[in-house]
Amino acid sequence: MKNLTVVDHPLVQHKLTFLRDKNTGSQQFRALVAEIATLLCYETTRDLPLTDAVIETPLMKASTKVVAGRKQVVVPILRAGLGMVDGMLNLLPAAKVGHIGLYRDPETHEPVEYYCKLPDDLPERDVFVVDPMLATGGSAVDAITQIKARNPRHIKFVCIIAAPEGLKAFEAAHPDVPVITAAVDDCLNEHCYICPGLGDAGDRIFGTL
Ligand code: PRP
Ligand code: URA
């Protein structure tokens with residue numbers, strides 16, 4: 001996939017190891033998801049445009065840079081994407097938050113839509129869609145399609161683990177949307193779970209196992 005960034009920073013890989021571990025409980029799992037989201041956000045925003053600024057340090061005037069006033073919105077795919085919101089907002093405190101509710105039908109693995117609430121001013125905003133897992137890609141593809149219908153300025157998709165099958169489907173549907181992930185795993189199993197993966201992200205975040 002061309003539009004893919006794999007964030008293999010040592011801190012991300014370290015935290016991902018504990019996230020994958022089946023002995024990690026919900027409290028620690030939630031904290032790790034949030035921390036990894038912050039680190040992914042740092043990479044996701046690497047290309048934000050800057051503009052010139054002049055300030056006074058305690059010593060003298062200085063010509064420097066600030067982010068060029070772009071508005072952002074973080075859009076979690078419910079439920080598991082909620083776990084990444086605070087981590088993203090750590091670095092983007094002024095961002096708005098939209099919500100897209102989707103779940104995978106357990107039989108067909110197709111996404112089922114149940115909620116969509118997005119800010120009205122998407123044409124003025126960069127959108128960061130967040131979901132820890134890109135498995136078949138069905139949920140992410142559907143979410144991005146819903147968002148594109150509102151003409152956002154720009155979209156990126158941020159996840160923690162992606163499967164090769166999901167990346168292929170995503171690229172086929174939305175080749176213009178960059179994907180940022182902490183890992184690309186081996187494959188999907190017969191239930192469309194990512195292997196080795198981390199299990200069911202929503203259940204592990206919310207303790208509904
Ligand atoms: C999980 C995950 C993604 C989706 C990925 O959500 O958080 O949204 O599956 O799978 P896909 O790429 O095959 O669509 P799930 O449907 O389990 O809902 P939940 O977050 O509410 O538990
Ligand atoms: N959703 C999850 O939470 N985990 C997977 O491995 C696949 C879909």
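The numbers here are math on the coordinates, done by the rules we state, and not lab data. The structure displayed is predicted, hence computed values, not measured ones. As a convention, Cβ positions derive from the backbone with ideal geometry for all residues, glycine included, and neighbour counts pool all protein chains shown.
Each Cα pair under 8 Å and six or more residues apart adds its separation to the average, and for the chain the resulting relative contact order is 23 percent.
Evaluate the charge dipole of the chain about its Cα centre and quote only its size in Debye, nearest 20, assuming +1 on the Cβ of each Lys and Arg and -1 on the Cβ of each Asp and Glu.
Roughly 640 debye, rounded to the nearest 20.
The overall shape of the range 60-156 is prolate: from the C-alpha gyration tensor, with semi-axes ordered a ≥ b ≥ c, the ratio a/c is 1.5 or greater and a/b exceeds b/c. Averaging Cα coordinates gives a centre for the range 140-209 and one for the range 1-67; these two points are 19 Å apart.
Working out 0.36 nm times the residue gap between residue 64 and residue 86, then minus their Cα-Cα distance, what length gain in nm do you get to one decimal?
So the chain would gain 5.1 nm between residue 64 and residue 86.
Between residue 31 and residue 195, the FRET efficiency from the beta-carbon distance, with R0 = 22 Å, is close to 0.35.
Helical runs assigned H by DSSP (4 residues or longer) give the chain a calculated mean residue ellipticity at 222 nm of -9500 deg cm²/dmol, each run adding -39500 (n - 2.57) before division by the residue total.
Here the convex hull built on the C-alpha positions of the range 1-56 has a volume of 128 cubic angstrom per residue.
Exceeding 30 Å between C-alpha atoms, which entries from my cross-link table qualify? They are 65/168; 22/148; 15/61; 22/71; 65/156. As for pairs spanning more than 30 Å Cα to Cα, those are 65/168; 22/148; 15/61; 22/71. In the chain, a dipole from Cβ-located charges (positive for Lys and Arg, negative for Asp and Glu) runs towards its positive end, and of 194, 141, 42 it is 42 whose Cα lies farthest in that direction.
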